[in-house]
Amino acid sequence: MNWATVQAERRVLVVLHNITTLTRMRDVLPIFASDFRVQLCATWSGSDPFTHGLREELDKLGVIFVSWEQAVAQRFDLAVSASHHGGLHELTTPVVILSHGVGYTKYSPGETVASKEVFGLSEEWVLRDGEPLATALVLSHREQLDRLAPAAVPSAVLAGDPCFDRMRASLGLREHYRRALNAGDRQVIAVSSTWSQTSLLGSGPGLVRQLLTELPLDEYRVVAIVHPNVWHWHGPFQVRLWFDECLRAGLTLVPELEGWRASLIAADCVIGDNGSVTAYGAALGKPVLLSAFPEVPPGSPVDALGKLAPRLDSARPLRAQIDRAIAEHSPGNYQVVTDLVTDAPDESAGLLREHCYRLLDLPEPPSDVLLEPISAEGLGSGRVTAFTASCEVGEVTRLTRFGFGFESTKDGHVVAHALHAGRAVRRNADILFRYADEAFALEDREIIAVIGDGNAQITSHDGRTWELSGDGDPTGFPSVVYAHLAAGLDLPPTITVATGDVRYELSVTERSPRTATS
């Protein structure tokens, strides 16, 4: 019995291999939007080592799943894949294969560099019994055509890069993404790592902590973008556990599916490796510093980036290198990378729809092809739970805060959330705080504070209470009070605070000279 309500004319099989391919498919599948003639189903062959989490994410999207055995046995009118991994030759339907990154920029897994076998372009990936595996092998730039195995050239179609097109279309939302990150006037530093032991994370896992140690909280926002293969080989719980201390110090750890593109658009500088995310950042015109960079196939946009971008030296102060990269950068520095990402800018969705509907033997829908803006999903900034601060009172009060450094506070003081997981941090804190949406009493300290939205209610050990409000991060306001009291000064009605080059005015109201509140 046929249980279908809508009798679709064509069935499209979406072949997934891992979470990375799912992210690319989310860029591509809107080409079938608003077309009742087409039914989508998804499957995977199980040939990829990074399948963890794939079924769960597919269920969240609500896409119907069929087993590989069913996919091979049933009739489909088109199969679309964002990888060349095993099993595609078993399908009896026309197959469209796309790249799931910025072109084809890595050597085949397990291959030596000397073999020059490029994943996705060499014979082992694009041919089956000497014939092209794909009915349509989608290339984003004609430079890939020059590197493609000759026997597969008849199957190649040039259709641009749908992921990059969506980023280009979303550049006007930069301030929206920065607000989602609670960046304010801070420089957003996006740290990107691909997978493997030669990646940024594999070769230097301590870099993110070092950045948070050296970059002041009020001047920089650090965002980590970790490849889905890292998340789903080691496990999301493990990845979050590794970054636990950094998250408490203000790190934004972007989820694997969404948020990385918005982070790139929001970024003022990208620190990365040979992964696609770093190359996309450069193609968007961002300053780039390379922390790790193994040899990559020549001619690719990643290869061009490797020849142009300066290297980050973790043995030297990081802030000076980042500030120099930003100051000396101009948007045209990586134009050659931009030019190699796509030779059909802003046209990919239309070209892909044209090719797919030709293979489906259907006229294209009359509606415009969709190019959805990038979502701000995944950019929650989190809450800093402890930091060290130094505050110099003067005509302009200078405040400097770091997410790490609790072991050495000779020139400053420690501020901690009252429920911080580190007992020693709480015990040694000069200032304890909670947020206004939390309801519990605060233990006595030199200063206790309740942090609201743009304001803080602050109480000293002797019972005096003030309310401070202003444009800065209110978790820093108690440090201003602490510094004035330590210097034996009364708080004036208005205080000018400087964090780096940014200044803001604090309005001060004394609420009670003697009554302590919690």
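The values are calculated or read from the model by the stated rules, or taken from the named source; none is laboratory data. As the structure is a prediction and not an experimental result, all values here were calculated from the model. In this analysis, Cβ positions are derived from the backbone assuming ideal geometry, glycine residues included, and neighbour counts consider all displayed protein chains.
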> Hey, among the residues in the range 25-54 that are part of a loop (DSSP other than H, G, I, E, B) and among the acidic types (Asp, Glu), which one's nearest to residue 12 (Cα to Cα)?
Replying inline: 35
>> Return the pair list, or none, for Cβ contacts closer than 7 Å from residues in the range 410-422 that are polar (S, T, N, Q) to residues that are buried (at least 20 other Cβ atoms within 10 Å of the Cβ), at least 6 apart or on different chains.
In response: none
> Which of the following residues is crowded, with 19+ Cβ neighbours inside 10 Å, at pLDDT below 95 and on the phi < 0 side of the Ramachandran plot: 472, 476?
Replying inline: 472
>> Quick check on my filter: what residues within the range 120-160 are in a strand (DSSP E or B) and under 33 Å from the mean Cα position of the chain (by Cα)?
In response: 136, 137, 138, 139, 156, 157, 158
>> So, in the range 286-304, how many residues would count as being closer than 26 Å to residue 139 by Cβ and either in a loop (DSSP other than H, G, I, E, B) or among the aromatic types (Phe, Trp, Tyr) (or both)?
In response: 9
> Any residue in the range 191-206 that is touching a His at 6+ places or on another chain (Cβ under 7 Å), within 26 Å of residue 297 (Cβ to Cβ) and surrounded by 24 or more Cβ atoms within 10 Å (Cβ to Cβ)?
Replying inline: yes
> Somewhere in the range 174-188, is a residue in contact with a helix residue (DSSP H, G or I) (Cβ under 6 Å, 6 or more places away or on another chain), surrounded by fewer than 19 Cβ atoms within 10 Å (Cβ to Cβ) and aliphatic (A, V, I, L, M)?
Replying inline: no
> Applying the selection to the range 308-335, what residues are closer than 22 Å to residue 280 by Cβ and in a loop (DSSP other than H, G, I, E, B)?
Replying inline: 309, 310, 312, 328, 329, 330
> Only one of (1) modelled with pLDDT of 85 or more; (2) part of a helix (DSSP H, G or I) is not met by residue 12, so which one is it?
Replying inline: (2)
>> List pairs: first residue in the range 275-293 and under 25 Å from residue 172 (Cα atoms) and in the same structural domain as residue 208 (by TED's automatic domain parsing), second residue of a type in the set (Val, Ile, Thr) and part of a helix (DSSP H, G or I) anywhere in the structure, Cβ distance under 6 angstrom, at least six positions apart or on different chains.
In response: 279/302; 282/337; 283/337; 283/338; 283/341; 287/326
> On the given criteria, is residue 248 of a type outside the set (A, V, I, L, M, F, W, C), more than 29 Å from residue 17 (Cβ to Cβ), touching a residue at least 60 places away in the same chain (Cβ under 8 Å) and surrounded by 20 or more Cβ atoms within 10 Å (Cβ to Cβ)?
Replying inline: yes
> Looking only at the range 193-209, which residues are part of a loop (DSSP other than H, G, I, E, B) and closer than 14 Å to residue 243 by Cα?
Replying inline: 204, 205, 206
> Is there any pair linking a residue in the range 477-498 that is not assigned by TED's automatic domain parsing to the domain that holds residue 417 to one that is part of a loop (DSSP other than H, G, I, E, B) and buried (at least 21 other Cβ atoms within 10 Å of the Cβ), with Cβ under 8 Å and at least six apart or on different chains, and which?
Replying inline: none
> If residue 350 satisfies every condition in (1) more than 30 Å from residue 24 (Cα to Cα); (2) of a type outside the set (D, E, K, R); (3) outside the structural domain of residue 498 (by TED's automatic domain parsing) but one, which is the exception?
Replying inline: (1)
>> For the range 428-443, give me the residue count where each residue is under 19 Å from residue 389 (Cα atoms) and of a type outside the set (Gly, Ala, Ser).
In response: 7
> closer than 25 Å to residue 374 by Cβ, surrounded by 23 or more Cβ atoms within 10 Å (Cβ to Cβ) and either of a type outside the set (Ser, Thr, Tyr) or in contact with a Phe, Trp or Tyr (Cβ under 6 Å, 6 or more places away or on another chain) (or both): does that describe residue 279?
Replying inline: yes
> Of the numbered conditions (1) within 16 Å of residue 28 (Cα to Cα); (2) at pLDDT 95 or above; (3) charged (D, E, K, R), residue 328 satisfies every one except a single condition; which is it?
Replying inline: (1)
> Which of the following residues is in the same structural domain as residue 354 (by TED's automatic domain parsing), modelled with pLDDT under 90 and among the acidic types (Asp, Glu): 69, 57?
Replying inline: 57
> So residue 428 fits all but one of (1) touching a residue at least 24 places away in the same chain (Cβ under 8 Å); (2) in the same structural domain as residue 475 (by TED's automatic domain parsing); what number is the exception?
Replying inline: (1)
>> Among the residues that make up the range 494-514, is at least one of them crowded, with 19+ Cβ neighbours inside 10 Å and among the aromatic types (Phe, Trp, Tyr)?
In response: no
> Which residues, counting only those in the range 408-438, are of a type outside the set (Val, Ile, Thr) and in contact with a Ser or Thr (Cβ under 6 Å, 6 or more places away or on another chain)?
Replying inline: 411, 412, 417, 420
> Residue check: is residue 350 without any contact (Cβ under 8 Å) to a residue 24 or more places away in the chain, surrounded by 15 or more Cβ atoms within 10 Å (Cβ to Cβ) and out of contact with any Phe, Trp or Tyr (no Cβ under 9 Å at 6 or more places or on another chain)?
Replying inline: yes
